[in-house]
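> Below you'll find the structure I mean.
The values are calculated or read from the model by the stated rules, or taken from the named source; none is laboratory data. Source: prediction; values computed, not measured. Backbone-built Cβ (ideal geometry, glycine too); neighbour counts: all protein chains shown. We work out accessible area using only protein heavy atoms, side chains counted, and drop any ligands, DNA or RNA first. Shrake-Rupley method; radii C 1.70, N 1.55, O 1.52, S 1.80 Å.
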Amino acid sequence: MMQSIGKWALQILIVVVLAYCIIYFGVQSTRNLGQSMEPTLSNKDLILINKAAYITKEPKRFDVIVFQSAQNDQLPLNIKRIVALPGETVQIIDGELYINNKKIEHKVFSELITTAGVAKEPITLGEDEYFVMGDNCNNSEDSRFSNIGNVHESDIVGKAWIHIEKWNKFKKIR
């Protein structure tokens, strides 16, 4: 009887530890708030975050990331696209995005950027900083504004991974 109870308790402990590891290190869900990531994500879209994506590799340009506000960790999570990497210099000139004095061409940022914000002047990122923008760059509060600013690597929760359109329709976020 005691051996049976012991096996049962061990199985429960293993399940609890695995569930904790999956939640803490693996996957988390959140909702996109607002229109800043349209057309990639709409207001209130449910997404899954791959929290383990950056354990063995660094975030890349144009990854869609989820991060916590450095100023207030009580605010909802932010979802934006990385446009500049650590050590790079970013600037917006005449509505165009430049990284290290080279104009960036990307399908998401095809329209002119009407507000340069702090990126009107060149911004050189620190060794653990990323410059992020919303896909709907003319309706996005992002690194161009002081209340978001540059995103530190330690504030990144993970990579926006799966967009759940309906409970039976999943789409990988690109």
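> Once the whole set of protein chains is in place, how much accessible area is left on residue 120, using a 1.4 Å probe, in Å² to the nearest 10?
We get 140 Å² for residue 120.
> Another one. Does anyone have the angle between helix 2-21 and the longest principal axis of the chain? Alpha-carbon axes, 0 to 90°, nearest 10?
On a 0 to 90 degree scale, this one is about 0.
> Rounded to the nearest 10 Å², what accessible area does residue 60 show when all protein chains are kept and the probe is 1.4 Å?
The accessible area comes out at roughly 110 Å².
> What value in Å³ per residue do you get for the convex hull of the alpha-carbon atoms in the range 104-166?
Measuring per residue, one finds 135 Å³ for the Cα hull of the range 104-166.
> Ok, one more. Determine which residues of the range 126-145 fall in the zone a paramagnetic label at residue 33 would reach in this model, i.e. backbone nitrogen under 17 Å from the point 7 Å along Cα→Cβ.
Correct set: 134, 140-143.
> Toward the positive end of the charge dipole of the chain, about the Cα centre and with charges on Cβ (Lys, Arg +1; Asp, Glu -1), which of 92, 26, 124 goes farthest?
Of the candidates, 26 comes out farthest on the positive side.
> Which residues make up the longest stretch of the chain that has no GluC sites (Glu not before Pro) in a DSSP loop with at most 15 other Cβ atoms within 10 Å?
1-104
> With 10 Å bins from zero, work out the P(r) of the chain over every alpha carbon pair and list the percent per bin.
10, 35, 31, 13, 6, 4, 2, 0
> What number of lysine-lysine pairs in the range 57-138 show an alpha-carbon separation below 20 angstrom, given a sequence spacing of 8 or more or placement on distinct chains?
Going through the range 57-138 pair by pair, I get 10.
> Note the full-extension length gain between residue 172 and residue 7 as 0.36 nm times their separation in residues minus their Cα-Cα distance, in nm to one decimal.
Stretched fully, the residue 172-residue 7 segment lengthens by 55.4 nm.
> Now a separate question. For the chain, what does the relative contact order come out to in percent, with C-alpha contacts under 8 Å and a separation of six or more?
25 percent
> Given a Förster distance of 22 angstrom, what is the FRET efficiency for residue 100 paired with residue 128, based on the Cβ-Cβ distance and rounded to 0.05? Provide the component values of the computation, followed by the final result.
Working: r = 18 Å, r/R0 = 0.82.
Taking R0 as 22 Å, the efficiency between residue 100 and residue 128 is 0.75.
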